[in-house]
Amino acid sequence: ETVRQISLGHASRERTLVLTSSARALTTMEKMQMGDGRRDTQGLMQLVAAHSHSHHIVDMAELTRQAGTIVSAVMLGCIAASGLLPMKREDYEHVLQDGSGSAKASLRGFALGFDAVQAQRTQAQYIEQVLAPKPQAVAPAEKVPALAAEVAQAFPSVLHELIALGHARLVEYQGAGYARLYIERLQRVLQAERSSDPQGTRGWAVTREMARWLALWMAFDDIVRVADLKSRASRWQRVIGEVKAGDADLLKLYDHFKPGVPEFAALLPQGPAQRLLAWDRKRVLAGKTPWALPLKIGTHSVFGMIALRGLASFRWLRPHGSRYATEQQLITQWLDAVVHGTARHWATGHEIALCGRLIKGYGSTNERGKDNLLHVVQHLAPATHFADDVARAAAIAAARQAALSDEAGKALDQTLVQHGVPARPIKAQPIRWVRKPQLKNKIS
């Protein structure tokens with residue numbers, strides 16, 4: 001009946017409070033059906049919620065039976081608890097009191113209806129408080145670190161803030177020496193950009209893009225980085241704010257890890273790392289799943305925090321690992337392409353720099369992004385069949401947009417072929433054959 005009234009336009013999502021009962025009788029249309037014509041009760045409730053500003057659904061029939069009264073007493077209690085009218089609970093109860101037996105039953109029904117709606121309102125208010133962001137949970141904006149004077153003098157002022165952020169990130173990631181390498185690489189880009197745009201009429205956009213994407217790539221995620229981020233005090237404070245934990249609450253935080261052979265091999269020198277990776281490849285070719293170590297670490301515990309901080313302390317080992325060497329080699333290829341492209345034609349260098357957006361994520365997503373970028377750098381950027389550099393820059397831009405629009409890479413492959421370069425090579429994937437269990441026929 002409530003839904004029927006809503007269908008007649010008697011409710012508005014902007015202003016109507018709906019009070020209704022979950023108990024219902026079948027309508028005439030439901031009874032007329034040849035089969036089971038009952039409408040789904042949950043669907044009817046969703047319609048009430050969708051076409052009302054707020055609503056309370058209470059089993060008024062059950063409350064009426066409990067109180068031994070008539071349904072209007074329960075309805076009055078629901079109306080009183082809704083808070084829509086200015087009267088207090090005592091005002092309603094005073095009207096119902098006359099000392100008779102029926103009045104006592106009406107008061108019981110009124111109280112049951114009032115308490116049912118009040119409980120729903122209290123629960124809704126609690127949920128709103130939980131979901132509402134706490135002011136103290138929002139971290140204040142961090143002050144942008146200042147560049148050293150000699151570094152600031154080497155770059156246009158419009159780039160200082162972005163370079164300062166990248167420099168600070170890499171100091172935290174691997175130390176001052178690694179951050180100096182970042183500055184040296186950016187100086188190469190700036191020198192190339194000055195040769196093609198001496199006045200900086202384009203706002204030093206190539207160097208600006210490289211300052212952003214180069215810092216992100218150089219601070220690549222590995223198990224050392226993940227352990228460091230998950231064991232920081234700032235992260236613990238953020239979690240406390242998100243779950244609205246009070247000083248008297250006991251909070252337990254578990255982190256799940258599943259490092260595989262590539263994560264462990266990343267910290268080993270090239271020789272041992274390659275042998276370990278080869279061992280895992282043989283496992284996969286034999287039909288086994290890649291080896292991984294599932295871990296559940298209680299970050300709230302002393303042991304869990306010590307384990308994470310201990311793993312984070314292996315930062316010193318990172319420059320000696322195989323992944324560090326591989327990442328630096330790939331970064332150099334991209335950097336050389338940007339420098340060469342910018343010196344020759346500004347737009348070409350700018351498009352190659354923007355390809356840094358392809359490097360994101362972790363694990364296979366990160367590897368796929370690097371493969372896409374390097375394929376563009378190795379095949380599209382140096383191709384000699386373009387009519388001019390403008391066409392080359394347009395082709396690189398199209399390839400980048402295709403790679404970002406399609407995670408599977410089909411759009412990128414089509415774009416590469418359209419511009420006269422080969423599609424990405426197909427990677428071998430193992431096919432596992434599983435024996436189908438034989439079902440025995442049972443004759444009953």
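None of the figures in this text is laboratory data; all of them are computed from the coordinates on show. Because the structure is a prediction, the values reported are computed rather than measured. Quick reminder, even Gly has a Cβ in these numbers, built from the backbone with ideal geometry, and neighbours come from all protein chains shown.
Given the pairs Lys230/Lys252; Lys370/Lys427; Lys288/Lys436; Lys230/Lys288; Lys296/Lys360, which are separated by over 19 angstrom at their Cα positions? Kindly include the intermediate steps, with their values, before the conclusion.
Numbers: Lys230/Lys252 14 Å; Lys370/Lys427 14 Å; Lys288/Lys436 17 Å; Lys230/Lys288 31 Å; Lys296/Lys360 25 Å.
As for pairs spanning more than 19 Å Cα to Cα, those are Lys230/Lys288; Lys296/Lys360.
What spacing in nm lies between the two simple spin-label points modelled at Tyr126 and Thr332, each 7 Å away from Cα in the Cβ direction?
Going by the 7 Å Cα→Cβ label model, 6.1 nm.
May I ask you to compute the full-extension gain from Ser72 to Arg283, defined as 0.36 nm times their residue separation minus their alpha-carbon distance, rounded to one decimal in nm? Intermediate values should be presented prior to the final figure.
On the way: separation 211, 0.36 × 211 = 75.96 nm, distance 7.27 nm.
Gain on extension, Ser72 to Arg283, equals 68.7 nm.
Could you check which residue among Ser100, Ser234, Ser157 shows the biggest mean-square fluctuation in a GNM of the chain with a 10 Å Cα cutoff?
Highest fluctuation of the listed residues: Ser100.
Scan the chain and hand back the longest stretch that contains none of the GluC sites (Glu not before Pro) lying in DSSP loops with at most 15 other Cβ atoms within 10 Å. Before the final figure, lay out each step's value.
Numbers: sites that count: Glu1, Glu14, Glu142, Glu407.
By the stated rule (loop sites, at most 15 other Cβ atoms within 10 Å), 143-406.
Of the residues Gln401, Gln129, Gln429, which exhibits the maximal mean-square fluctuation in a Gaussian network model of the chain defined by a 10 Å Cα contact cut-off?
The residue that fluctuates most here is Gln429.
Cα axis of helix 233-243 to longest principal axis of the chain: angle in degrees, 0 to 90, nearest 10?
30 degrees
With just the Cα atoms defining each centre, how far is segment 320-347 from segment 243-262? Give it in Å.
38 Å
The list (i) -0.42, -0.68, -0.98; (ii) -0.67, -0.87, -0.99; (iii) -0.34, -0.55, -0.80 gives values of log10 I(q)/I(0) by the Debye sum over Cα atoms at q = 0.07, 0.09, 0.11 Å⁻¹, and only one came from this structure; which label was calculated from it?
Only one listed value fits the structure, namely (ii).
Expressed as a rounded percentage, what relative contact order does the chain have, with Cα pairs under 8 Å and six or more residues apart?
The value is 10 percent.
About its Cα centre, how strong a charge dipole does the chain have in debye, to the nearest 20, once Lys and Arg get +1 and Asp and Glu get -1 at the Cβ? Write down the numbers at each step before the final one.
Numbers: 56 positive and 40 negative charges, 364 e Å.
For this selection, approximately 1760 debye.
How about segment 331-383: which chymotrypsin sites (Phe, Trp or Tyr not before Pro) there lie in a loop by DSSP and see at most 15 other Cβ atoms within 10 Å? Display every interim value, and only then the final one.
On the way: sites: Trp334, Trp346, Tyr362; in loops: Tyr362.
Within segment 331-383, the qualifying chymotrypsin sites (Phe, Trp or Tyr not before Pro) (loop, at most 15 other Cβ atoms within 10 Å) are Tyr362.
Could you compute the FRET efficiency for Arg275 and Gln418, with r as their C-beta to C-beta distance and R0 at 56 Å, rounded to 0.05?
Details: r = 42 Å, r/R0 = 0.74.
Step by step, r from the Cβ atoms, then E = 0.85.
Based solely on its DSSP helices, what 222 nm [θ] is calculated for the chain when runs of n ≥ 4 H residues each add -39,500 (n - 2.57) and the sum is averaged over all residues, nearest 500 deg cm²/dmol?
On the way: 21 runs with 256 residues, N = 444.
Calculated mean residue ellipticity at 222 nm is -18000 deg cm²/dmol.
HN-Hα J couplings of segment 84-93 from phi, Karplus 6.51/-1.76/1.60, θ = phi - 60°, integer Hz, Gly and Pro as x?
Here the 3J(HN,Hα) series is 6, 9, x, 6, 8, 4, 4, 5, 5, 5 Hz.
Please give the net charge around Leu373, taking every other residue with its beta carbon less than 14 angstrom from that of Leu373, where Lys and Arg add +1 and Asp and Glu add -1. Before the final figure, lay out each step's value.
Working: positive: Arg357, Lys360, Arg368, Lys370, Arg400, Arg424; negative: Glu209, Glu327, Asp336, Glu351, Glu367, Asp371.
Net charge in that neighbourhood comes out at 0.
Quick check: net charge around Gly260, other residues with Cβ under 15 Å of its Cβ, Lys/Arg +1 and Asp/Glu -1?
On the way: positive: Lys258, Arg281, Lys282, Arg283, Lys288, Arg323; negative: Asp221, Asp222, Glu263, Asp280, Glu367.
Net of charged neighbours comes to +1.
Taking the chain as the reference, fit the longest principal axis to its C-alpha atoms, fit the long axis of helix 205-218 to the helix C-alpha atoms, and give the angle between the two in degrees, 0 to 90, nearest 10.
Result, in degrees: 80.
Can you put Ile306, Ile331 in order, fewest other beta carbons within 10 Å first?
Least crowded to most crowded, the residues run Ile306, Ile331.
Springs between alpha-carbon pairs under 10 angstrom, Gaussian network model over the chain: which of His375, His53, His320 fluctuates most?
His53
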